[in-house]
Amino acid sequence: VIEVTTNDSSMGEVSGSGSYEIGATATIQATAKSGYKFLKWNDGVTENPRSVVALEGTQSFQAIFAELVTLNFVASPADHATVTGSGDYAVGEKVVAQVTPVAGCDFEKWYDNNTENPRTFTASQNITITAYIKGEPDV
């Protein structure tokens, strides 16, 4: 028997549960609903869909889903640098943002006075994060 469940059915659905002959290969799959992301199976495997071989007894697999949030990284002034890292991320996911100022400008600080560049953020909510740039672009 292969049992496939989810950590939260409001975040996604799973398939592949059933009775299989010992040694048979079953395909299990997790499908995230809008606004959520499949992270991994409870045994740490991230492959999805995934093939598993039926063993004697009951095997349990749980799909782990997380909420998606949007991190938007911007420069101020906007035309004085580019900032990478913007996108949709699972809550708790680590995100690296990097500021690349145009010629004549320098990275000064992030909105919270932190001066690391590149910098790692932890996704927790929908947010716009500003990098402040000093100087004037070369003409």
**OP:** Among what's in segment 100-139 and is under 14 Å from Thr84 (Cβ atoms) and among the β-branched types (Val, Ile, Thr), pick the residue that is surrounded by the fewest Cβ atoms within 10 Å (Cβ to Cβ).
**Re:** Thr120
**OP:** List the number of the failed condition for Thr82; all other conditions in (1) assigned to a loop (DSSP other than H, G, I, E, B); (2) open to solvent by 80 Å² or more (accessible area, probe 1.4 Å) hold.
**Re:** (1)
Original post:
Which condition does Ala103 not pass, out of (1) touching an Asp or Glu at 6+ places or on another chain (Cβ under 7 Å); (2) under 30 Å from Asp138 (Cβ atoms); (3) not in a loop (DSSP other than H, G, I, E, B), if it passes all the others?
Top reply: (3)
Original post:
Within segment 47-79, which residues are among the aliphatic types (A, V, I, L, M) and within 16 Å of the chain's Cα centre (by Cα)?
Top reply: Ala63, Ile64, Ala66, Leu68, Val69, Leu71
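On the basis of being part of a strand (DSSP E or B) and among the hydroxyl-bearing types (Ser, Thr, Tyr), does Ser34 make the cut?
Considered against the rule, which asks whether it is part of a strand (DSSP E or B) and among the hydroxyl-bearing types (Ser, Thr, Tyr), Ser34 comes out as no.
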Original post:
Counting only residues that are within 12 Å of Ser124 (Cα to Cα), open to solvent by 20 Å² or more (accessible area, probe 1.4 Å) and assigned to a strand (DSSP E or B), how many does segment 85-99 have?
Top reply: 3
**OP:** Look at segment 33-78 and say how many of its residues are open to solvent by less than 60 Å² (accessible area, probe 1.4 Å), free of Cβ contacts under 8 Å to residues at least 12 places away in the same chain and small (Gly, Ala, Ser).
**Re:** 1
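The values are calculated or read from the model by the stated rules, or taken from the named source; none is laboratory data. Given the structure is predicted, the values throughout are model-derived calculations rather than measurements. Counting neighbours? That spans all protein chains shown, and the Cβs are built from the backbone with ideal geometry, glycine included. The accessibility values were calculated without ligands, DNA or RNA, using every heavy atom of the protein model including side chains. Shrake-Rupley method; radii C 1.70, N 1.55, O 1.52, S 1.80 Å.
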